[in-house]
Amino acid sequence: MKRVGVFICHCGSNIAAAVDCEKVAENAKSFPGVAFSTDYKYMCAEPGQDLIKKAIKEHKLDRIVVASCSPRMHEPTFRRCIESGGLNPYLLEMANIREHCSWVHPDDKERATFKATELVRMAVAKVLKNEPLDKSTIPITKRALVIGGGIAGIQAALDIANAGHIVDVVEKEPSIGGRMAQIDKTFPTLDCSACILTPKMVEVANHPNVNLITYSEIEKVEGYVGNFDVTIRKKARSVDMKACTGCGTCYQKCPSKVPSEFEMEMMDRKAIYTPFPQAIPNKPVIDRENCRYFKTGKCGVCQKVCPTNAVDFTQEDELVTERYGAIVVATGFDLFDESVYGEYGYGKYKDVITGLHFERLINASGPTMGKIKRPSDGKIPKNVVFIKCVGSRDEVKGKAYCSKTCCMYTAKHATLVREKIKDSNVYVFYMDVRTPGKGYDEFYTRTTDQFGAKYIRGRVSKIYEKGDKLIVRGEDTLLGRPVEVEADMVVLATAMVAKSDAAKLAQMIGFSYDQNHFYTEAHPKLAPVETHTAGVYLAGACQGPKDIPDSVAQASAAAVKVCGLLSKEEMPTEPIISAVDEAICAGCGMCVPVCPYKAIDMKVIQERVHGKTISRKVATVNSGLCQGCGACTVACRSAALNLKHFTNEQILAEVDALCL
Amino acid sequence: MSVKEIPQNWEPKILVFACNWCTYAGADLAGLSRLQYPPNIRILRVPCSGRVNPQFVIRAFQRGVDGVLVAGCHPGDCHYVTGNYFTRRRYLLMQRLLQYVGIDPERFQARWISGSEGPKFQQVVNQITEEIRAMGPNRKLRDAQ
């Protein structure tokens, strides 16, 4: 026989002024299962809590209803209270007779008292079906995975490693460094990008706690916070990493030339290559699609010239599975495909290039050794036009969002052109100039005032070739008249977009992304580096357009979250989760796609039926992943799934109690 | 008593399924702000509006509730990412089912009320209470009494 104790709180006069608390307590005595009922001025205060604890002992109560304020306020208080009174904390229900009753019905004591009585009756009906629940714990693997070896990934890995945890960094390309390695100078200080990046690359490569896994991709992710089982595909490098000394003889002798992705195809690399001279690891890989040996079976020059016999054509992709406690996703961004803007002639005219091409053009180790030369004929351009918002802030052809970095990098490019080519003219077509950030607006002001870049507010409607010039036609909306510029080179500030395979990775790990395929943070303000999947964090431009300082800051923030998680041996799990009644589960699998956390899997169980052993499929809930939303319980046709603490029976009991 | 006759002192009884993260908090805020509304509603806390099984709604009508409101986070703001999208679809289907069995589908409503929308909670409760009052007592589906 269950014995419920009901405790009605006056909350001073907050409740008692509108609700007759003595009467509610009196009425509650007649509810089924109620063994004791009383009221008190302040139930949450120490004497009130003592009253509850004493009543549990004296009246042998095994379930408690407290009618007071919102459970969002004091449920933890009263759970602790009954726990110290010797009951399981989940054998408590609260009736909210303050926020939902006395405060909103101050002028009708009779009906407010009636409503409070009904709310208490619902709570009593529910608590009769409450089950004791226990918090369980899951162990935490003290190893972190960082996906992406750009500046965000490097920073996150360094911070986690410096805190004393082991980190693996998985990078798709043959070298870490990411986009920042391609950039020449950084705004607003005009630091050389390589000068500040490469020391970090060396630091992360030499850190005893960091393992770099380059030229590798994530193949499969299973498990949950604290225990992710990640399968990594180590692509065949065709070069033995242990034997190779990085001498570079192989790529000097290789006869196959391929446009270099790192140099934005403005320069060639070989089929056996390192992406750039400062690559880490500075050991080449063979691009099998373009290698003469893999295409024709004849060649093998690299193998012949290698002094350490490191070239190995027989290498195969290797799959390794590791267990990690936490994952930082720092996969970065791609550039918008600007060829959709046919009027700008990108792809048609060689001298219409993107900002990233321009970065390589002005880089001392780039295709022109740092001299700004037109890609078409190598002449030094005199008139350079920059067009901003190419793909950004354009709902029709591009993306609706602002790419955030273009205003600043265009100002940087304009400054560098004026600095390097003294008699040059720089024109910038813009929609708005957005320069929030420390020292950013000052930089932009210098670009116009000190370096004399001419900013024209308006869009470009057409670019066409005339002789060896590009005629840029646009509108100056401030003067309200058309303008025409005879340009030698045009640089497009293309939008930052999510990686083309961003959605695939998100689906693999199991977190959400927005309509632009940028990864969604758990809360836009209060949880900007977490995802909805516990143990998975975001850093850098994979979450949205970001410049280097923002990416680094977010990476450090993600690292702190990882360190917080890995500092514990095990973590408690909330017991209010779904559970499967295997006896009635039909194994239809309807619940699997409904779960937003990928917490439900199908498993095969063995059963003895009529003396025979049969095996059948049933659903199973992963307690580490389930967050207790209950979506699966509604999808379940046979009601085999139930949400603990909010079971079908409990809710129906409340509905019934309301209608007595 | 004739079926059409409305008993004296009849007051509509409305069940509100409120999601813990948005609407329950919105109702708390209405209380904190002392926004008054008629005492006809009974709030039942669920973790997510997507937890509300249509079976619960049918049971409520069977037991004599005059109206049911399911309220959760705004679309896109669900604490559990996608729960309220299921609610939205079920709500539309449920209204058609109710119409089919002869219950005024307007007796069942779904609304999106966030944790910061105390005034909206008050306005929704006022509006629904008046609408249900105008419809009179729910006599369909009721268990024999």
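The values are calculated or read from the model by the stated rules, or taken from the named source; none is laboratory data. What you see is a predicted model, and the numbers here were worked out from it, not measured in a lab. Neighbour counts run over all protein chains shown; Cβ positions are idealised from the backbone, glycine included.
In table form, for the structure just shown:
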read-out: Answer from A:Gln606, A:Gln627 - the residue that is among the polar types (S, T, N, Q), over 20 Å from A:Ala156 (Cβ atoms), within 14 Å of chain B (Cβ to nearest Cβ) and out of contact with any Leu (no Cβ under 6 Å at 6 or more places or on another chain); value: A:Gln627
read-out: Lone qualifier among A:Gly458, A:Gly439 - being in contact (Cβ under 8 Å) with a residue 12 or more places away in the chain and buried (at least 17 other Cβ atoms within 10 Å of the Cβ); value: A:Gly458
read-out: In segment A:582-597, the residues that are within 33 Å of the chain's Cα centre (by Cα) and either in the same structural domain as A:His532 (by TED's automatic domain parsing) or surrounded by fewer than 19 Cβ atoms within 10 Å (Cβ to Cβ) (or both); value: A:Gly587, A:Cys588, A:Gly589, A:Met590, A:Val592, A:Pro593
read-out: Subset of segment B:56-98 [basic (Lys, Arg), surrounded by fewer than 16 Cβ atoms within 10 Å (Cβ to Cβ) and within 12 Å of chain A (Cβ to nearest Cβ)]; value: B:Arg89
read-out: All strands (runs of 3 or more DSSP E) inside segment A:265-345 with 2 or more residues being at pLDDT below 95 and farther than 27 Å from A:Cys542 by Cα; value: none
read-out: Check on A:Ile196, crowded, with 22+ Cβ neighbours inside 10 Å, over 30 Å from A:Lys598 (Cβ atoms) and not assigned by TED's automatic domain parsing to the domain that holds A:Ile272; value: no
read-out: Residue count for segment A:598-619, restricted to those that are surrounded by 10 or more Cβ atoms within 10 Å (Cβ to Cβ) and out of contact with any strand residue (DSSP E or B) (no Cβ under 7 Å at 6 or more places or on another chain); value: 1
read-out: Yes/no for A:Ala453 being closer than 20 Å to A:Gly391 by Cα and touching a residue at least 24 places away in the same chain (Cβ under 8 Å); value: no
read-out: Given (1) assigned to a loop (DSSP other than H, G, I, E, B); (2) modelled with pLDDT of 95 or more, number of the condition A:Ser365 does not satisfy; value: (2)
read-out: Every residue from segment A:157-171 that is of a type outside the set (A, V, I, L, M), in a loop (DSSP other than H, G, I, E, B) and in contact with a helix residue (DSSP H, G or I) (Cβ under 8 Å, 6 or more places away or on another chain); value: A:His165, A:Glu171
read-out: Qualifying positions in segment A:635-660 - within 16 Å of A:Ile576 (Cα to Cα) and facing another protein chain (nearest Cβ under 9 Å); value: A:Leu643, A:His645, A:Phe646, A:Asn648, A:Ile651
read-out: Segment A:56-74, residues that are away from every other protein chain (no Cβ under 14 Å) and charged (D, E, K, R); value: A:Lys57, A:Glu58, A:Lys60, A:Asp62, A:Arg63
read-out: Odd one out for A:Ile327 among (1) crowded, with 23+ Cβ neighbours inside 10 Å; (2) of a type outside the set (Phe, Trp, Tyr); (3) touching a helix residue (DSSP H, G or I) at 6+ places or on another chain (Cβ under 6 Å); value: (3)
read-out: Flag if A:Gly544 is on the phi > 0 side of the Ramachandran plot and touching a Phe, Trp or Tyr at 6+ places or on another chain (Cβ under 7 Å); value: yes
read-out: Helices (runs of 4 or more DSSP H) contained in segment A:502-613 and holding at least 3 residues over 22 Å from B:Asp77 (Cβ atoms); value: A:502-509, A:548-566
read-out: Which listed residue, of A:Lys257, A:Lys235, A:Lys242, is touching a strand residue (DSSP E or B) at 6+ places or on another chain (Cβ under 7 Å) and exposed (fewer than 14 other Cβ atoms within 10 Å of the Cβ); value: A:Lys257
read-out: Hits in segment A:116-125 (condition: more than 9 Å from chain B (Cβ to nearest Cβ) and either among the charged types (D, E, K, R) or part of a strand (DSSP E or B) (or both)); value: A:Arg121
read-out: Close pairs (9 angstrom Cβ cut-off, 6 or more residues apart or separate chains): over 27 Å from A:Met408 (Cα atoms) in segment A:495-506, modelled with pLDDT of 95 or more and of a type in the set (A, V, I, L, M) anywhere; value: A:Leu505/A:Ile147; A:Leu505/A:Ile218; A:Leu505/A:Val329; A:Ala506/A:Val329
read-out: Residues of segment A:477-518 classified as loosely packed, with under 14 Cβ neighbours inside 10 Å, of a type in the set (D, E, K, R) and not assigned by TED's automatic domain parsing to the domain that holds A:Pro381, total; value: 1
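This table checks each residue for (1) within 26 Å of A:Gly437 (Cα to Cα); (2) crowded, with 21+ Cβ neighbours inside 10 Å.
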{"residue": "A:Lys382", "(1), (2)": "no, no"}
{"residue": "A:Val385", "(1), (2)": "yes, yes"}
{"residue": "A:Glu395", "(1), (2)": "yes, no"}
{"residue": "A:Cys406", "(1), (2)": "yes, yes"}
{"residue": "A:Glu419", "(1), (2)": "yes, no"}
